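Just below is one structure, and these are the notes that go with it.
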Amino acid sequence: MQSSHPIGIFDSGYGGLTVFKSIAEQLSNYDYIYMGDNARAPYGNRSFETVHEYTLECVEWFFKQGCPLVILACNTASAKALRTIQQQNLPYMEDPTRRVLGVIRPTAEVIGNYTKTGSVGVLGTRGTVTSGSYPIEINHFYPSVKVRQLACPMWVPLIENNEYQNEGADYFVKKYLDQLLTQDADIDTILLACTHYPLLLDKIRQILPTHITAVAQGDIVASSLADYLQRHPEMEQRLTKNSVRNFYTTDDPAGFDEQATIFFGQGVKSAAVEL
Ligand code: DGL
């Protein structure tokens, strides 16, 4: 019997740390394990089958560490793997009471409150955009909101390779914002539907006209998790609460720590994981 039952936070790489940062601030007493599959990142251009296979492997790893609850802090994994894991894998596992949650539904639930014009732009990876998950989920909660999407395939590589603060990044930030805004002049809210993109927030805000708001997901997902735990006492009581935070990567821990510290906003010391 394992004595530690942390909440698992997963991303293909560093991006999920932007969500974990908000979660750790809002729900500081729980134990957490963060794992980035850096060795196989980015997931954004990969097929449904591959994203499902990789994500499931990681979810199983979290379960082995004693996590009864895993958050896919990755839009691509949430778009391409979450439903299959919830409906086709989880019910047949040894303990079907464990849970895997994503970041798309909690974001879709509230994003309609940000727009005054009723027009929202969604920026994500190719995988997230082609899955159509955001338009479907947002229109489920806000049927009259217009949703325009654009894939930004260069942004994650710029971030994962620590080039996102350099001048080269300016070109690609402006390029995708212009392309999105030419789709609809009414867009007043831009959702950063990739957990890596908040690292580009300063550049994005410098380029955007002041009447357009760029929205990152971290605080939204953290509030939604707090709400989930309140509504699910059976899960809440299973979780251990010693404020322990452990970090793992499928790639080199030294490289991970340096980058992860920037994303997380405080020192990170990780260990390597073999899946
Ligand atoms: N951070 C991930 C997301 O939210 C994607 C990064 C990747 O392409 O691996 O979609």
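The values are calculated or read from the model by the stated rules, or taken from the named source; none is laboratory data. Just so it is clear, the structure is predicted and the values come from calculations on it, not from any experiment. Note that we place each Cβ from the backbone using ideal geometry, even for glycine, and neighbour counts take in every protein chain shown. These area figures cover heavy atoms from the full protein model, side chains too; ligands, DNA and RNA do not enter into them. Shrake-Rupley method; radii C 1.70, N 1.55, O 1.52, S 1.80 Å.
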Task: Qualifying residue in the stretch 137-160 (condition: more than 16 Å from the ligand (Cβ to nearest atom) and acidic (Asp, Glu)) - done: no
- [ ] Return only the number of the condition from (1) in contact (Cβ under 8 Å) with a residue 60 or more places away in the chain; (2) open to solvent by 70 Å² or more (accessible area, probe 1.4 Å); (3) of a type in the set (Asp, Glu) that Asp188 does not satisfy.
- [x] (2)
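For the stretch 146-201, name all the residues that are among the aliphatic types (A, V, I, L, M) and either assigned to a helix (DSSP H, G or I) or more than 23 Å from Ile111 (Cα to Cα) (or both). Explain how you work it out, then say what you get.
Taking the stretch 146-201 first, the residues among the aliphatic types (A, V, I, L, M) are 147, 150-151, 154, 156, 158-159, 169, 173, 177, 180-181, 185, 187, 190-193, 199-201.
Listed by number, the residues that qualify are Met154, Val156, Leu158, Ile159, Ala169, Val173, Leu177, Leu180, Leu181, Leu199, Leu200, Leu201.
Tell me, which helices (runs of 4 or more DSSP H) lie completely within the stretch 16-132 with 3 or more residues that are open to solvent by less than 10 Å² (accessible area, probe 1.4 Å), within 16 Å of the ligand (Cβ to nearest atom) and within 26 Å of Ala151 (Cα to Cα)? Let's see the steps before the verdict.
Numbers: elements: 16-26, 48-64, 75-80, 104-111, 126-131.
Correct list: 16-26, 48-64, 75-80, 104-111.
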Open item on the list: Residue under question is Glu274, and the condition is that it be without any contact (Cβ under 8 Å) to a residue 60 or more places away in the chain, within 26 Å of Gly124 (Cα to Cα) and open to solvent by 70 Å² or more (accessible area, probe 1.4 Å); does it hold?
Closed with: no
- [ ] Would you point out the residue of the stretch 1-11, among those that are in contact with a Gly (Cβ under 8 Å, 6 or more places away or on another chain) and open to solvent by less than 10 Å² (accessible area, probe 1.4 Å), that is nearest to the ligand (Cβ to nearest atom)?
- [x] Asp11
